[in-house]
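Data first, discussion second: the structure below is written as structure tokens.
The values are calculated or read from the model by the stated rules, or taken from the named source; none is laboratory data. Note that the structure is predicted; figures quoted are calculated from it, not measured. Note that we place each Cβ from the backbone using ideal geometry, even for glycine, and neighbour counts take in every protein chain shown. Side chains are part of the model used for accessible areas, which takes the heavy atoms of the whole protein and leaves out ligands, DNA and RNA. Shrake-Rupley method; radii C 1.70, N 1.55, O 1.52, S 1.80 Å.
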Amino acid sequence: MGDRKDEDNAAALSETLLACEREVGSALATSQDVESALARLKQRVKRQPSIEHSSANVQRDQHSSASIQHAPQDRSGARAMFIELRKLPDGSAEYAELRNQLVRMHLPLVEHLARRFRNRGEPLDDLTQVATIGLIKSVDRFDPERGVEFSTYATPTVVGEIKRHFRDKGWAVRVPRRLQELRLALTTATAELSQQHGRSPTVHELAEKLAISEEEVLEGLESANAYSTLSLDVPDTDDESPAVADTLGAEDEALEGVEYRESLKPLLEDLPPREKRIMLLRFFGNMTQSQIAQEVGISQMHVSRLLARTMAELREKLLVEEE
């Protein structure tokens, strides 16, 4: 290419020199002839880079065109690969390699469909893995002889796999499938009625819309709370309010005593008057046995025997009630 350029420049320069030396009649060449030859030389020099650049572009376009023609990602290439896959025996190394190649070829479709469901509480990586499972199922079931494009066939399968993941794994608390479907129906009906009436629908309106009872509507609305959980460390209303954990009650150690006291009340009412008075003075008046003996007018030993006998009877009756 460089030799050709040098030859053209030499020819143009020779033509200019000849024009300078040529005689017209008895006179030398005019200045107009020299300027014309120099102009032609400049045009040739300017034309050389553009020709080289154009040639390079043609070669690059040809190389790109060749790579596109041999790219396996085009539809005809994918269809041919599916036809070949169906001819191979299952379990063979060639079948596994071609199957994996088809899966890798259509991974961009998986990523595109997974991104449609992001920001819904599930990590994008998990959605991509679930969508890839749907893609593998589509590759195994696709029949190229039906005349349908693979992307058209695979899209509903991949989307269905993602939705199934949200249905089975997206709920923080596992609820029956009936309630999951009822929640989706309530969400759709709420949106339609809100747009129709310009306000949030009532429970009665939702029940009429879905042809179910109001109790079922309330059950479906309550089940929606099980879809996501709230951290106990999150403030209740705003950033300055206490956390949810700070508002929860603690276990009351005296609760068991309240239960026993309520159980003892009817048993104390059935005691004889003297034993009842002694029990009240001892456990509710916090008096000693000597003080009780003086209050009742009996000996301290007698008070001790009455207390022991009465508490044994009460203990036995409490055990019988628990059984």
Within the range 81-97, is even one residue on the phi > 0 side of the Ramachandran plot and modelled with pLDDT under 90? yes
I need the full set of residues from the range 250-307 which are in a loop (DSSP other than H, G, I, E, B), open to solvent by 90 Å² or more (accessible area, probe 1.4 Å) and not small (Gly, Ala, Ser), in order please. GLU251, ASP252, GLU253, ASP270, ASN286
Members of the range 137-170 that are surrounded by fewer than 17 Cβ atoms within 10 Å (Cβ to Cβ) and farther than 19 Å from ARG116 by Cα: LYS137, ASP140, ARG141, ASP143, GLU145, ARG146, GLY147, VAL148, GLU149
Among the listed residues GLU240, GLU222, which satisfies the condition of being at pLDDT 80 or above and open to solvent by 100 Å² or more (accessible area, probe 1.4 Å)? GLU222
Search result, residues across the range 246-279 that are without any contact (Cβ under 8 Å) to a residue 24 or more places away in the chain, of a type in the set (D, E, K, R) and over 30 Å from VAL234 (Cα atoms): GLU256, GLU259, ARG261, GLU262, LYS265, GLU269, ASP270, LYS276, ARG277
Go through (1) out of contact with any Ser or Thr (no Cβ under 7 Å at 6 or more places or on another chain); (2) over 20 Å from GLU262 (Cα atoms) and name the single condition ALA312 misses. (2)
Quick one: count up the residues across the range 171-185 that are in a helix (DSSP H, G or I), open to solvent by 70 Å² or more (accessible area, probe 1.4 Å) and of a type in the set (A, V, I, L, M). 1
Anything in the range 71-96 that is within 31 Å of the chain's Cα centre (by Cα) and either aromatic (Phe, Trp, Tyr) or open to solvent by 70 Å² or more (accessible area, probe 1.4 Å) (or both)? List them, or say none. GLN73, ARG75
Cβ-Cβ distance below 8 Å, separation of 6 or more or different chains: which pairs start in the range 196-211 with a residue that is assigned to a helix (DSSP H, G or I) and end on one that is of a type in the set (Ser, Thr, Tyr)? LEU206/THR190; ALA207/SER213
